[in-house]
Structure formats: C-alpha cells, structure tokens
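Note sheet for the following structure.
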Amino acid sequence: MPHPASPTETPRAIPGTTLFDGDAAQKGYQLNAMCFSFNSAANRAAFAADEEAYCTRFALTADQRRAVATRDVPGMIAAGGNIYYLAKLAGILGLSVQDVGALQTGLSVDAFKAMLLAQGRGQSYEQSIAEARHG
Amino acid sequence: MPHPASPTETPRAIPGTTLFDGDAAQKGYQLNAMCFSFNSAANRAAFAADEEAYCTRFALTADQRRAVATRDVPGMIAAGGNIYYLAKLAGILGLSVQDVGALQTGLSVDAFKAMLLAQGRGQSYEQSIAEARHG
Amino acid sequence: MAEIVGAYFTSHVPGIGGAIQRGDQQTPYWKPFFDGFPPVREWLAAVRPDIAVVFSNDHGLNFFLDTMPTFAVGAAAEYRNADEGWGLPLYKPVKGHPALSWHVIEQLVADEFDPVTCQAMLVDHAIAIPLELAWPDVTEWPVKLVPIGINTVQHPLPSARRCLALGRSVHRALSSWGGDERIVVIGTGGLSHQLDGERAGFMNPDFDRFCLDHLAADPDALTHLSVHDIVRLAGTQGVEVLNWIAARGALGPGAVEIHRNYHLPISNTAAATMLLEPA
Amino acid sequence: MAEIVGAYFTSHVPGIGGAIQRGDQQTPYWKPFFDGFPPVREWLAAVRPDIAVVFSNDHGLNFFLDTMPTFAVGAAAEYRNADEGWGLPLYKPVKGHPALSWHVIEQLVADEFDPVTCQAMLVDHAIAIPLELAWPDVTEWPVKLVPIGINTVQHPLPSARRCLALGRSVHRALSSWGGDERIVVIGTGGLSHQLDGERAGFMNPDFDRFCLDHLAADPDALTHLSVHDIVRLAGTQGVEVLNWIAARGALGPGAVEIHRNYHLPISNTAAATMLLEPA
Ligand SMILES: [Fe+3]
Ligand SMILES: [Fe+3]
C-alpha cells in the first residue's frame, strides 16, 4: 500500500486526471445542465431532432458546442463536463463506457478493452496501458 | 437574562408553540407544497379560480382541506402547515401577519395590534396578552 | 489581501419593503426603525465594501421541504429575486463572486462542514431588504454577494454553537482570500418574534438585549443556548438570530460595537440594527 | 430494540443491471462477479433485515449542480427510480421509513453534521443494483429504505474521516432507535475505477486490497487518506469508496468479515462485494 499523504497536504497533480472542482463546475455548468436534461426521453429526442437548437437553448459556450458537435470527449471534459452527466450524452451518441474510454486514451476500443482485461489478469495499469499504446 | 438550559437537555414544551419538526414536516408536506406553489402568480390564480380542484391537485389531507376551506389558521398549523409557506396562502386570502396573529390568538385584529404596541411601550408579553384577552 | 471592514446586522421583516415602497420612513410607526440607518449608510460610505458575505435564511422562495439544506452556500454569478408569493415588485438582482464562494466552500469542507453548494439560487427579502436599507438610492448594488443560507425553517436546526463555528470557518476563508476586496459581513433576521401558534405576537426585549450586549465581545455566550432555548426565549422565528451568530463568527475573533438601534414592534417583530468593527 | 444485523457492500456499475436483464450472470465475463452473491443471499435470508440504511452517491438523477449536497438524507415514504438518461427499464420502487430517517437526521444534527433532508428523492442504480443483486427474485423489496447520499461528484468532497464520522453518528442513531426492526447497513460503489480523462481505465488492486483488508478491523486506517490521495490511488470514481467508509461507521465499533469477493474488470471497474457482521 503506498504511503498516504496527510489529509491537509497540498495536492500534487495526478497525471491524466482532472478533478471536477469549483472551477470546472462553474465552467461546465451549461454543458452539464444540458446533459442533466437528458434524463427526460423527450429532451433526448429534442436534442436528436435539432442538436444545434438544443445546445443553443442551454447556452453552451463555443468550446462546449464544438466539443459536442465533434464528439470530442476530452474537449467536453476540458470545457467543464462532468463524466456523471456526460454519460447521459454518451448514451444518446451510442457510446459505451469503453468507447468513451477509448476516445479519451486515444486507443482503439478493442485496445482499451484489452487494457482493462490485462489488468484483470493481474498486470498493473501502467504496464497494461503501455502495452496497449505501443503494442 | 434567564438561565439557559444545556444544549443537550431534553426540551420542555413551550406554551402556545409548535416546533415545525420532522413529524410536522411529514404531516404537512402536501399543504406546504401547495403553499410553495403560490410563488407563481399563475398558480395563485388557479387556486382562486377553483380552490377545490387546486387542493385536490396537491392531494391535501382531509384536515388540511378543511382548514384551508374554513380559513382556520390554527387548523393549518395543526395539520403540519409551516408559517413560512402558509404566509403565501395568507396573502391570497387577504390576511396580513396581524390578521393571522389575531386568528391564532383568538383576539380581534385591533386587540392583537394593541398587544404588539403595548410590548413596544415596555410592557411584557405576558402582561400585554393578558390585558388584550381580559380587557 | 482582502480586508474585512466590519459586520452589519439587521432584521428583515417583509413589511419593511412595503414601507420603503410607500415612502413611509418618516411616519410615526416606522421612523424609530428607519432612524437606525443613517449611521449604517455613513459607515458603509466610509468603509466602502465591495463584497457582502450575507448570512440569512430562505423563506420558501429557493428551497422547499423536498430538499432542505442545513447550510447552503451560493456560488452563482448572479442572484435574482423572484415573486415570493405576494406579487410584490421584485428587488434588484445582486452580482455574485463565484471565486470567493468556492474559496469559502473549500474552507468549510476542510473544516468538516457539509454545505450544499448552489450554482443557481434565488434570494428573497432576507437579503434584499438589508441591501435596500443600506444603499437606498443606488441603481445597482455596490457589493458582490456571497450568500450563506441557514435552515431556520425545519427542525432540527443547527445549534447556535454550530452556526458560530460555521461563521468562524468562513472567517478563515475570508482571511486567506488573495483578492484585494473590502468585505462586509451581514447577518439578517430576528430578533425576537413569533408568527405562528397561540403565542403569536410574542417578543422578548430581555433576550434581545442579551444578544445585542454579547454579540461583539462574547458571542460564545449565545452558544450556551440550545435551539429549543432560543425558540422559548425569542419565539419560533426568533431563531433567525442564528444568522447573526454565524455572521459574528465570520467577522473574526475580536469586535467592537459602533452602532445599535432597537425598536419594537415592526409588524410582529422586535427589530434591531447593529454595526460591529473588527477589534 | 432494533438490531443491526451487519453490513453489505458492493460495487454498483450500471452494466450489472444490463447483465441481469440479459441473464448473463453465468457468462465467462460476468460469472466471477455474480459468483460473489449466493453467500450474500444466504446471509440475508438468515439475518432477515427489514430496514436497509444505504450509503451511496447520486449519479445525476436526483441532484444537479444547482443545489449539490455534501450529505443528503432521504425522509420519504417511497423512493422511485426514474430514467437516468438511457431509457432503461425502471427498477422497482423502495418503501421508506420516514420515522427512522428523522431519528437519524436528529442525531446527525445533534452531532454537528449538516445534512440536507429530502422528503422527496429519486434513487438511481447505486441503490437499485445492490438490492437487485441481494434479492433477485422478489416482486417487492423485503426492506424499507433510509438512503444517505454522499457527494462524490463535485469537489470538495467530504473527507474519508468525515464520512466515517458520519457513519458513526448514524450508528448512534440506529443504536438508540426504539423499534424492533432488524437493520442492514449497505455501502455501494467503487472500488477503484476512473471513467474520465487520459487515465480512464485505471484500476488499482493494491489500493482495493488495502481497503478490503482494513474495512472490518481498522477503518480508521482509510481515513489517513485525503480525498486527493483516494483519487490518485483509486481513480476519479474510486472516491465512491467514501460510501463504504460511511457504511462501515454505521455498522458500529467492531466488525468481522464473513464474506469477500473481488474481480476486475466489470466494465471499467474493479468490483468488490463484502459482508461484515458486528463483532
Ligand atoms: Fe425572516
Ligand atoms: Fe457509481
């Protein structure tokens, strides 16, 4: 077990990881609000029928709009999207959790799944992701 | 200054006073929900247009329905109404805070107001309310 | 570094808004209350705050019993007033200060408070009336708002001790805020009053004096009271003094009283106004 | 007097619901996970709980960022599931136990926690899936629910120490509850997983083993970790272990492990199941 830091220690950045904190919550509010609205089937249909109009209705920022239009999941996160809410948009876009993982890691979906399974065989995350990236 | 009790002491009942606690919040939920809806002018108009239908829509209990129908403010409190929400209903019914006070104390509105003013002249609440009740 | 210029406390009875709209400030009924405010305005003009951290309670505008917070911290860019059920003219919106709000939230959670964070929040007369009384002639409020809501509606309420500790945690946050703003702390509501029950109309100047006398120098004295004690001594709505207690904590360890006004009745309420400066 | 019969912990990945609906429990992918549940069902059949106090986190069904609680306690007569955004079949509603909920709320506030009280609350897969796994063949749940939600979505999250203390306060409430019900405590979510960012797909069996090894005998060991530590070691969604830590606190001072299952991956998640009994 790694040595835990003190609870009050100033956090170091965690590679490949964005904390959804106040800054992100503020930046991503509109995008997340749109995703939250997708709990309603009628809203999902409205988005599918006219994505542009629906994004306008929720006043998405230009960055958010662009990330949604291009299905750019890392862009959605960078624009303040929270994965718990984005998962609802992913569903509309037909993306599974593994598809979303692949989009964020730059792996193919098969390579991403293989990386998960490699961890299941007892291989470390670091080794699994390295093999997935470099063969 | 009276001697304060310990924060953990078991509370004694306070005469003429109901605490809006979990029991009351549970019992009064529908009535308070209806009152909360009166933040909207359209809802106030709908209540005014058909009080019975509006109460039915919020599934008021029989006690709550009776208290609203008869403008029985103590009955509303007994049925779980919270004064912060009931104040919105009082507005629709044309009742001021002093009218509501009069209805609960059994005083005339003038006597209730006089009781408040007597406290303003430095007389205790106990003396002021006793004089208001008994001349 | 930001500076906490002081704290301003006042009752927030809805009827005050009506008196302002009717221009009744100088009528015999209202004059003893409004006469407490010229010193407040002069002081604010002198200390020039540009942020207000306001402790108050929602009166059924923003929160309902479906989801009732103990402590709620606003983190919005703007706070609007809305119809509170009486169709009255709306109060001016208040700009927020989300960065300071989040700084406060971080401190509160680090200090083991459990706030609800509100990136959208309507504010009611409990915030608007103190601002109207402080700055009666402005077209836009001179302060940005960090609103902190305390449950005074549904028991169990947080204890006076917990509210003072909440305020002290907010003080730590304000003390470590890197901006150069001037911050006024505001506590609103109370003092003794009771709107509901057979005891409606109850006020208690003895209790109010106890609060006012101890607020600056010994706020911990107020925390020896349970919420039940406060209801007994101050009335069911007198518990709004919890907002004052929390605001006193946010001012900082030492304080000196520079202004006080007390008058009853205003509507059913014993109305008080107070200014404190850091000591 | 009510009896706390034990605690049941499990991951709550949405895909588990899909596997149940498809009848995939015995496929090679799912079997190692579902094989952890016959002992859970046997144990539940033996201890016959009629109340479940469940610590979990909302996944954007009941709460949004407009009003985001740190701790939310349900006090509803019934909790319904609703469309979480994927149009899946709804899970069965769960009856509530409002009287016990309010008893818990009273204790929490007395112990200086600041819960949001929810007289209306939707429950998501984080509650429904553990129930489906525990009682797969019932038409109505055999337990009434007291749901306690913990913010694992928006930082700052409550610390592990705070969550353990929350659970211990809930334990005090359950210990003083006058009813004769049999209570099971449930903690759901985790263990290590990360859905977002370049590190998506990260799992950490070392950390998970540390949690599972210490949960029964030394839960305070988990509280030496900051939330930031937990994110680093368990992934951004691995913070759901906070639900386990709080549930462990609610079980009571001593505990003994009676069952454990651990398997990865289930979807992107290292899935764990555990049963503890009071020691
Ligand atoms: Fe008030
Ligand atoms: Fe989860």
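Tallying residues that are surrounded by fewer than 19 Cβ atoms within 10 Å (Cβ to Cβ) and not in a loop (DSSP other than H, G, I, E, B) within the stretch A:47-61 yields 7. Surrounded by 24 or more Cβ atoms within 10 Å (Cβ to Cβ), more than 16 Å from ligand 1 (Cβ to nearest atom), under 19 Å from the mean Cα position of the chain (by Cα) and away from chain A (no Cβ under 14 Å) - does that describe any residue in the stretch D:149-165? No, there is no match, as no residue in the stretch D:149-165 is surrounded by 24 or more Cβ atoms within 10 Å (Cβ to Cβ), more than 16 Å from ligand 1 (Cβ to nearest atom), under 19 Å from the mean Cα position of the chain (by Cα) and away from chain A (no Cβ under 14 Å). The residue that is nearest to ligand 2 (Cβ to nearest atom), counting only those in the stretch D:120-138 that are in a loop (DSSP other than H, G, I, E, B) and modelled with pLDDT of 95 or more, is D:D124.
I'm trying to understand the selection: among the residues of the stretch D:28-80, which are of a type in the set (V, I, T) and within 16 Å of ligand 2 (Cβ to nearest atom)? Walk me through it before giving the result.
If we filter the stretch D:28-80 for residues that are of a type in the set (V, I, T), which is where we start, we get D:40, D:47, D:51, D:53-54, D:67, D:70, D:73.
Residue satisfying the conditions is D:V54 alone.
The lone criterion from (1) at the interface with chain B (Cβ under 9 Å from one of its Cβ atoms); (2) within 18 Å of C:R80 (Cα to Cα) left unmet by C:F202 is number (2).
Go over the candidates C:E240, C:E198, C:E257 one by one and state the one that is in contact (Cβ under 8 Å) with a residue 12 or more places away in the chain, among the charged types (D, E, K, R) and surrounded by fewer than 19 Cβ atoms within 10 Å (Cβ to Cβ).
Values: C:E240 fails: surrounded by fewer than 19 Cβ atoms within 10 Å (Cβ to Cβ); C:E198 fails: in contact (Cβ under 8 Å) with a residue 12 or more places away in the chain.
The conditions single out C:E257.
Just to be sure, is B:L117 more than 29 Å from C:A82 (Cα to Cα), away from ligand 1 (no atom under 16 Å from the Cβ), outside any helix (DSSP H, G or I) and not small (G, A, S)? So B:L117 fails the test. Residues that are more than 7 Å from chain D (Cβ to nearest Cβ) and out of contact with any helix residue (DSSP H, G or I) (no Cβ under 7 Å at 6 or more places or on another chain) within the stretch A:100-123 comprise A:G106, A:D110, A:R121, A:G122, A:Q123, listed in sequence order.
Filtering the stretch D:7-27 to residues that are surrounded by fewer than 24 Cβ atoms within 10 Å (Cβ to Cβ), more than 14 Å from every other protein chain (Cβ to nearest Cβ) and either assigned to a helix (DSSP H, G or I) or within 16 Å of ligand 2 (Cβ to nearest atom) (or both) leaves D:I20, D:Q21, D:R22.
Residue check: D:F55 meets all listed conditions (1) without any contact (Cβ under 8 Å) to a residue 40 or more places away in the chain; (2) more than 14 Å from chain A (Cβ to nearest Cβ) but one, namely (1).
Quick test for you: out of D:A110, D:A134, pick the one residue that is out of contact with any Cys (no Cβ under 8 Å at 6 or more places or on another chain) and within 14 Å of another protein chain (Cβ to nearest Cβ).
Values: D:A134 fails: within 14 Å of another protein chain (Cβ to nearest Cβ).
None of the other options fit; the residue is D:A110.
Just checking, does the stretch D:92-99 include any residue being touching a Lys or Arg at 6+ places or on another chain (Cβ under 7 Å), more than 16 Å from ligand 2 (Cβ to nearest atom) and in a strand (DSSP E or B)?
Initially, the stretch D:92-99 is screened for residues touching a Lys or Arg at 6+ places or on another chain (Cβ under 7 Å), giving D:93, D:95-97.
Then drop every residue that is not more than 16 Å from ligand 2 (Cβ to nearest atom), which leaves D:93, D:95-97.
Okay, now just the ones that are also in a strand (DSSP E or B), so D:95-96.
The answer is yes; a qualifying residue exists.
Of D:A234, D:A216, all but one fail to be more than 7 Å from chain A (Cβ to nearest Cβ), within 16 Å of ligand 2 (Cβ to nearest atom) and of a type in the set (A, V, I, L, M, F, W, C); the exception is D:A234. The residues of the stretch A:75-89 that are in a helix (DSSP H, G or I) and closer than 20 Å to D:G238 by Cβ, listed by number, are A:I77, A:I83, A:Y84, A:Y85, A:L86, A:A87. Counting only residues that are within 16 Å of ligand 2 (Cβ to nearest atom) and of a type in the set (A, V, I, L, M), the stretch A:62-84 holds 1 of them.
Go through the stretch D:162-277 and tell me which helices (runs of 4 or more DSSP H), entirely inside it, have 1 or more residues that are acidic (D, E). Can you show your working first?
Details: elements: D:205-215, D:227-234, D:241-251.
Ranges flagged: D:205-215, D:227-234.
The values are calculated or read from the model by the stated rules, or taken from the named source; none is laboratory data. Quantities reported herein were computed from a predicted structural model and do not represent experimental measurements. As a convention, Cβ positions derive from the backbone with ideal geometry for all residues, glycine included, and neighbour counts pool all protein chains shown.
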